[in-house]
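The values are calculated or read from the model by the stated rules, or taken from the named source; none is laboratory data. Values in this document were obtained by computation on a predicted structure and should not be read as measured data. Reconstructed Cβ throughout: ideal geometry from the backbone, glycine too, with neighbour counts over all protein chains shown. Surface areas here come from the heavy atoms of the whole protein model, side chains and all, with no ligands, DNA or RNA. Shrake-Rupley method; radii C 1.70, N 1.55, O 1.52, S 1.80 Å.
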Amino acid sequence: MRKGILSLTAAAAAMTLGLTACGGESDTTTAQDGAAPAESQAAGKVGVILPDSKSSARWETADRKYLEEAFKAAGIAYDIQNAQGDKTQFQTIADQMMTNGATVLMIVNLDSGTGKAVLDKAKSQGVATIDYDRLTLNGGAAYYVSFDNTKVGTLQGEGLVKCLTDKKADNPIVAELNGSPTDNNATLFKNGYDSVLTPKYDAKEYVKGPDQSVPDWDNAQAGTLFEQMLTEQPKIAGVLAANDGLGNAAIAVLKKNSLNGKVPVTGQDATVQGLQNILAGDQCMTVYKAIKKEADAAAALAIALAKGEKPAATGSVKDTESGADVPAVLLDPQAIFLDNVKEVVADGFVTKDELCVGEFAAKCTEAGIQ
Ligand code: BGC
């Protein structure tokens, strides 16, 4: 499905793309602390649409922050908005951005159909397009920037196996709480973890339990779904949850049944909540995606496009619907367990101050978090 995947640091990404952050036109959106804009260039404007702020904390706490930093550093005009899960609003925001002079549009789609409508309109107006984090199937974006999402899923599957092995689980029943059925990433994550779990089911080492997708990654709905799963199958012994929000919903239900800490649960995004659940022993692992690198790589592309350049990507992914090869930059995810939570802090993705509050202070010390 993929080819030519490279992982690279943001700096390397910028180099590969032949970019350096040079000053462009400064306006109210891009005013920098005292830094006079370098020689003014006829740079365009970048519009970014984030999907929501509930399916994962990442969009507002990480993606927005890092993208903003990158655009500011380059002195490029930008506008970042959040569609708050509303597909009609998503299109409205895109229209407004283009009316207000966006020459580059970067989107995290809410589903491929509505994402494609936005991309089609942008292209018809000569606006350059980037799929950020989620590939819009049949969308034809000029670039795609994300992580190796199949690998994210593989790490989750392997993580759950490790945690079940550590618990000496015998013939465990595994429940799967998948991401949104309309998010191509959720499909890739599932491909990844099922590539680890299906052989275990086939070998009768594990028992396949309930397996359901959570519409729109809705955390509340995930809780309801998992409650039903556990009622129907009280012996669930492991939960493959596709991100930290879904994992936390499952953990809340396990807690009500005094099963938290006994039944390992996976996650993704290395959110403060997910990492605290790991410190508490209620979550077995998460997947850390260094979003700064993702934002830097996407911003580097957007900035080049805004300047009228034609940046090169480092690889490509196959759009499974259109069959097209989409130029892509894909980064490498990392599995996080109790023993390496400290690496997420050391990387500056979460701070000790936000993670190690109250009851977590002592657990942070135990986990070697400085
Ligand atoms: C992202 C995940 C995120 C999920 C829910 C996925 O497309 O890759 O990082 O947890 O959406 O927002």
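Here are a few things to note about the model shown:
- Nearest-20 debye value, segment 172-272 charge dipole, Cβ charges on Lys, Arg, Asp, Glu: 440 debye
- The alpha-carbon atoms of the chain, seen along their principal axes, cover 65, 46, 35 angstrom, with the largest extent given first.
- Binned Cα-Cα distances of segment 293-370, short to long, each 10 Å bin given as a whole percent: 15, 30, 21, 20, 13, 1
- The value given for segment 184-342 is a Kirkwood hydrodynamic radius of 17.7 Å, derived from the mean inverse Cα-Cα separation.
- Site pair Lys262 and Thr198 shows an inter-label distance of 3.2 nm when each label is modelled 7 Å from Cα along Cα→Cβ.
- Lysines with Cα under 16 Å of Lys310, excluding same-chain neighbours fewer than 8 positions away: Lys45, Lys123
- Each residue of segment 240-252 was assigned a 3J(HN,Hα) from its phi angle through the Karplus curve 6.51 cos²θ - 1.76 cosθ + 1.60 (θ = phi - 60°); the sequence is 8, 9, 6, 8, 4, x, 5, x, 5, 5, 5, 4, 4 Hz, with glycine and proline shown as x.
- Loop chymotrypsin sites (Phe, Trp or Tyr not before Pro), segment 157-224, which have at most 11 other Cβ atoms in a 10 Å radius of their Cβ (DSSP): none
- Candidate lysines for bridging to Lys256, where Cα separation is under 17 Å - those fewer than 8 sequence places away on the same chain excluded: Lys235
- Of Lys307/Lys342; Lys292/Lys363; Lys65/Lys307; Lys293/Lys352; Lys255/Lys292; Lys87/Lys204, those spanning more than 31 Å from alpha-carbon to alpha-carbon: Lys307/Lys342; Lys255/Lys292; Lys87/Lys204
- Computed magnitude of the charge dipole of the chain (debye, nearest 20; Cβ of K, R +1, Cβ of D, E -1): 560 debye
- In this structure, the amide hydrogen of Gly315, modeled 1.01 Å from its nitrogen in the peptide plane, lies closer than 5 angstrom to those of Ala328, counting only residues at least 5 positions away or on a different chain.
- Think of it as helices only: each DSSP H run of n ≥ 4 in the chain is worth -39500 (n - 2.57), and spread over all residues that comes to -12500 deg cm²/dmol at 222 nm.
- Highest-MSF residue in the chain out of Ser55, Ser146, Ser195 [GNM, Cα springs under 10 Å]: Ser195
- Taking one quarter of the surface of the C-alpha convex hull of segment 194-243 gives a mean projected area of 3.8 nm².
- Per residue accessible area of the chain, 1.4 Å probe, in Å²: 41 Å²
- Over 22 Å (Cα to Cα) - which of Lys168/Lys200; Lys162/Lys318; Lys208/Lys289 fall in this group: Lys162/Lys318; Lys208/Lys289
- Rg ratio for segment 328-370: its Cα radius of gyration over 2.2 N^0.38 Å, N being its residue count, equals 1.32.
- Length gained on full extension, Glu60 to Lys168: 35.0 nm, using 0.36 nm per residue less the C-alpha separation.
- On the principal axes of its alpha-carbon atoms, segment 222-279 has extents of 30, 19, 16 Å, going from largest to smallest.
- Extension reserve of the Asn138-Gln233 stretch, reckoned as 0.36 nm per residue once the Cα distance is removed: 30.4 nm
- 5 angstrom amide H check on Asp211, placed H, neighbours 5+ away: Glu176
- Taking amide hydrogens as placed 1.01 Å from N in the peptide plane, the amide H of Ala77 sits under 5 Å from those of Val46, each at least 5 positions away in sequence or on another chain.
- Pairs of C-alpha atoms in segment 122-257 farther apart than 27 Å represent 26 percent of all such pairs.
- Degrees between helix 87-99 axis and first principal axis of the chain (Cα, 0 to 90, nearest 10): 20 degrees
- Beta bridges per DSSP with both ends in the chain, % antiparallel, nearest 5: 20 percent
- Exposed trypsin sites (Lys or Arg not before Pro) absent - longest run of the chain, DSSP non-H/G/I/E/B, at most 12 other C-beta within 10 Å: 1-167
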